[in-house]
Amino acid sequence: MSTCAGTNQDGSPCHNTPMSGSAYCHVHQDQANGAAGTDASGVARRFARGLALVVSVLFLMAVAVRCEMDHWILGL
């Protein structure tokens, strides 16, 4: 029995059974069309995670500044 020709995200080989008429399983069928799409989606995913982190940090900083201003104005 053959195994998928794809690689997992950690770089290890995939052990799934390939789809009929293909060297790749259903998970890695996009690798059959070329790695560029996989790399681009990985970059987009990392960018989205980074952007979410930056937005979260900025929001928390804004809340902290607002709390400090309230304390200063109210004299607490």
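Readers should treat all values here as calculations from the given coordinates under stated rules, not as data from a laboratory. Every value quoted in this text rests on a predicted model; they were computed, and no experiment measured them. Backbone-built Cβ (ideal geometry, glycine too); neighbour counts: all protein chains shown.
The Rg/Rh ratio for the chain is 1.45, where Rg is the radius of gyration of the alpha carbons and Rh is the Kirkwood radius.
Could you work out the helix-only [θ] at 222 nm for the chain, with each DSSP H run of four or more residues adding -39,500 (n - 2.57) and the total divided by the number of residues, to the nearest 500 deg cm²/dmol? Present the calculation step by step, with values, prior to reporting the outcome.
Working: 2 runs with 44 residues, N = 76.
Mean residue ellipticity, 222 nm, calculated: -20000 deg cm²/dmol.
What the phi angles of the stretch 56-70 give under the Karplus curve with 6.51, -1.76 and 1.60, with θ = phi - 60°, is a coupling list of 4, 5, 4, 5, 5, 5, 5, 5, 5, 5, 4, 5, 5, 5, 4 Hz, glycine and proline written as x. By the rule of a second cysteine Cβ within less than 4.7 angstrom, the chain holds isolated cysteines at CYS67.
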